[in-house]
Amino acid sequence: MAKHKTPMLDELESGPWPSFVSDIRQQAEKGKQILKDAPEDLLGILELSYEDKVTHWKHGGIVGVFGYGGGIIGRYCDQPQQFPGVAHFHTIRVNQPSSKYYSTNFLRDLCDMWEKHGSGLTNMHGSTGDIIFLGTTTDHLEPLFYDLTHELNQDLGGSGSNLRTPACCLGMSRCEFACYDTQEACHQMTNEYQDELHRPAFPYKFKFKFDGCPNGCVASIARSDMSVIGIWRDEIRINQEAVKAYVGGELAPNAGAHASRDWGAFDIQKEVINLCPTGCMSWDGSKLEINDKECTKCMHCLNTMPRALRIGEDRGAAILFGAKAPILEGAQMSTLTVPFMKIEEPFDELKELIEKVWDWWMEEGKNRERLGELIQRQSWQKFLEITELEADPRMVDEPRSNPYIFWKEEEVEGGWTRDINVFRQKHQR
Ligand code: SF4
Ligand code: SF4
């Protein structure tokens, strides 16, 4: 019988969708976790929060494991007498493998280990990407950490003012759109920056995310201070025969993903050409042409006709900086900073850029100021100075009308028009 009455939570078990309440109950009934009462008391305190319309979790508290400054988030409740099973309920972030590939054996071992040291409840995965172990007491932290690192060879992730656990898309392991090896880049950066990941020394959190192409399966442009987005700089490869097969209905658009589409036969003009955001495609009834200089790599045409169109062969990534969720200021997307960089081992160019940015942010950033906010406060021009990059029209939304980049007097000899012309000539391909 349930330990606490939870009428409001019971409502959340109704309906056809999965319910986290049912999952917690399942763990409570299974009862294999060392903290026997944790799942039941978790439901109890949540119901109380719904009744009182206020959280009963007290904020933070410093807990951790020896030698690490992050990875564990201290959590205590303010009703320990009523809910002793969750008096301490610390959260543990475990660094997920690149692209979140697991064997079933590994998942079983992970769950067994968590039942041995905590509530048995997990969150797969937290929004940064980590495996989250939900709820244990301070005395279980060191033994858990020992087992995790020695038996499963798995490390903690990041929390606090440090590098957060890097994340990447499936990349070359499964995806033909991958313009660089996202998993390798993610793995190498995780190893290279262990100190930054485990020993908080930044003004605030910092996230890298690695998307293999602009489809952005890890949404790096919206969710990371530094977004590495795969891109090509030559031409989209066109197989004209396959284009005709799409037009003739022999190949299903979007790889058949819209099997239930009910808007009739595939219409290349309506569904591809007219939807190209830069209007750089044309179709004369037998040949598809793309003016690649104007293509902004939105991926729409490639997603629609993957058998006919392929990414170019000169591949790398665009690097963007400054995205964040609304914490102090509003949410913002990251801004294009390096239009193209080759992303290849040993990733020296990437590391050099990262370190320049960190040096500046650690020197100038205020406490709890994200990189994007510092860029806003000190200007994009300053950011270009510290990264030793030249201003580029591709960094500007509307280069012909938006004076977002200002030049210093000494940089302007023949006036603004001359500078724009120089940029145009320089970036003409
Ligand atoms: Fe594929 Fe691009 Fe998604 Fe990565 S981001 S999995 S390369 S579609
Ligand atoms: Fe147009 Fe986007 Fe295709 Fe480029 S990727 S040609 S911008 S639809």
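The values are calculated or read from the model by the stated rules, or taken from the named source; none is laboratory data. Remember, predicted model here, so these are calculated numbers, not experimental data. Cβ atoms come from the backbone with ideal geometry, glycine included; neighbour counts cover every protein chain shown. Ligands, DNA and RNA are excluded from the accessible area calculation, which covers all protein heavy atoms including side chains. Shrake-Rupley method; radii C 1.70, N 1.55, O 1.52, S 1.80 Å.
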Give the cross-link partners of K287 among the lysines, using a straight C-alpha distance below 18 Å as the criterion and excluding same-chain residues fewer than 8 apart. K244, K270
Would you please name the chymotrypsin sites (Phe, Trp or Tyr not before Pro) within the range 1-97 that are DSSP coil residues with at most 16 other C-beta atoms within 10 Å of their C-beta? F66
Calculated [θ] (222 nm, deg cm²/dmol) that DSSP helices of n ≥ 4 give over the chain, each run adding -39,500 (n - 2.57): -9500 deg cm²/dmol
Can you list the cysteines of the chain that have no other Cys Cβ under 4.7 Å away? C77, C111, C175, C179, C213, C276, C280, C295, C298, C301
Share (percent) of C-alpha pair distances in the range 237-310 greater than 17 Å works out to 36
Of the accessible area of the chain, computed with a 1.4 Å probe and all protein chains kept, carbon and sulfur make up a percent value of 50
Which whole-number percent is the relative contact order of the chain (Cα, under 8 Å, 6+ apart)? 11
Per-residue HN-Hα couplings for the range 99-110 [Karplus 6.51, -1.76, 1.60; θ = phi - 60°; Hz; x = Gly/Pro]: 6, 6, 8, 9, 8, 5, 4, 5, 4, 4, 4, 4
Counting other Cβ atoms within 10 Å, which chymotrypsin sites (Phe, Trp or Tyr not before Pro) in the range 228-320 have at most 16 and lie in a DSSP loop? W263
Calculate, for E388 and I62, the FRET efficiency according to 1/(1 + (r/R0)^6) with r their C-beta to C-beta distance and R0 41 Å; round to the nearest 0.05. 0.60
Let me spell out the model: positive unit charges on the Cβ of Lys and Arg, negative unit charges on the Cβ of Asp and Glu, origin at the Cα centre of the chain. What dipole size does that give, in debye rounded to 20? 660
Accessible-area value, I24, 1.4 Å probe, nucleic acids and ligands omitted, Å²: 20
Quick check: the angle from helix 20-30's long axis to the longest principal axis of the chain, C-alpha only, nearest 10 degrees? 40
Of the cross-linked pairs K209/K297; K324/K356; K207/K408; K32/K207; K342/K408, which ones have a Cα-Cα span greater than 25 Å in the structure shown? K207/K408; K32/K207; K342/K408
Accessible area in square angstrom per residue, the range 237-310, 1.4 angstrom probe: 56
For the range 155-211 and the range 92-106, what is the separation of their Cα centres, given in Å? 14
Tell me, which longest segment in the chain has none of the GluC sites (Glu not before Pro) that fall in DSSP loops with at most 16 further Cβ atoms within 10 Å? 14-150
What percent do you get for the relative contact order of the range 237-310 when only Cα pairs under 8 Å and 6+ apart count? 44
